[in-house]
Amino acid sequence: MGIILLDKISIQTKPKMKLSDIRKDYTLKTLDIKDINPNPFHQFKIWFDEAVDSEVLEVNAMCLSTLGLDGYPSGRIVLLKGVDHGFLFFTNYESSKGKEIEQNPKATLTFFWPELERQIRITGDLEKVSSEESDEYFHSRPKGSQIGTWTSPQSEKIEDRSILENRIKELEEKFSTQEITRPPHWGGYRLLPKKFEFWQGRPSRLHDRICFESKEGSNWEIFRLAP
């Protein structure tokens, strides 16, 4: 243990840990093809419900990975807001991600639930949801979030935070006596899956990886991948 003297106060510090020494052996659960639901949407719901029951923090948070306009991969955390025949999220269409999706409407969603030692990757094509779906979700949001969609020129350079704070005040006054309408530049996307991968951590890094790939019609090929 090292000691740092700071203005006559002694603070005990732990020795520095190497990044290469940080590791965890996964032992909670297993995953086998014979036990998995043959419909990947149903299997997702099973795992999602278990994550909710386990009180996973930000259970609907997912990494949305797209191809940047510069050709480099681009990732960020967004929130899953619905599942039907696809996976729904909402954003500013004029943001960096919106422009990337406009150019190349393909993406991967990654969920990581460390409490359950699980990860799900879902790859597919993106489409905009209908105006009606975007309106319905927009009006279900808190008023502050609705105003926020009008406030921020997402992904654009700004001088400082005061620009946003002043804009919020203007909009709060504007919408104090009228309904907040959905901005035309804001709405939802639906990812239509072509591939799922369900990953379950296992000891000695010999993890279970079960994949679904779409085939003709509504059929899915199910197979195991080496870790």
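Any read-out appearing in this document is the output of simple, stated calculations on the displayed coordinates, not a laboratory observation. Everything quoted here is computed from the prediction, not taken from an experiment. Glycine also receives a Cβ, built like all others from the backbone with ideal geometry; neighbour counts cover every protein chain displayed.
Quick notes on this one:
- Placing +1 on the Cβ of every Lys and Arg and -1 on the Cβ of every Asp and Glu, with nothing else charged, gives the stretch 101-193 a dipole about its Cα centre of roughly 160 debye.
- Over the stretch 23-157, relative contact order from alpha-carbon pairs under 8 Å, at least 6 apart, %: 20 percent
- Coil-residue GluC sites (Glu not before Pro) of the stretch 162-227, DSSP, other Cβ within 10 Å capped at 16: Glu179, Glu216
- Computed from phi, the 3J(HN,Hα) profile of the stretch 215-227 under the Karplus parametrisation 6.51, -1.76, 1.60 (θ = phi - 60°) reads 10, 4, x, 10, 7, 10, 8, 10, 7, 9, 10, 5, x Hz, with x in place of Gly and Pro.
- Under-5 Å amide H pairs with Tyr26, H placed in peptide plane, nonlocal only: Arg202, Ser204, Arg205
- Interchain or long-range residues, amide H under 5 Å from Lys81's placed H: Leu88, Phe89
- Selection of GluC sites (Glu not before Pro), the stretch 88-127, meeting DSSP coil and at most 15 other Cβ within 10 Å: none
- Three-way shape label, the stretch 49-137, alpha-carbon gyration tensor, a/c 1.5: oblate
- Matching label, Rg/Rh (Cα atoms, Kirkwood Rh) computed from the structure shown, candidates (i) 0.97; (ii) 1.06; (iii) 1.20: (ii)
- Length-normalised contact order for the stretch 105-208 - Cα pairs under 8 Å, 6+ apart - percent: 42 percent
- Whole-Hz couplings from phi, Karplus 6.51/-1.76/1.60, listed for the stretch 66-83; x for Gly and Pro: 10, 9, x, 5, 8, x, 8, x, 9, x, 7, 8, 10, 10, 5, 10, x, 9
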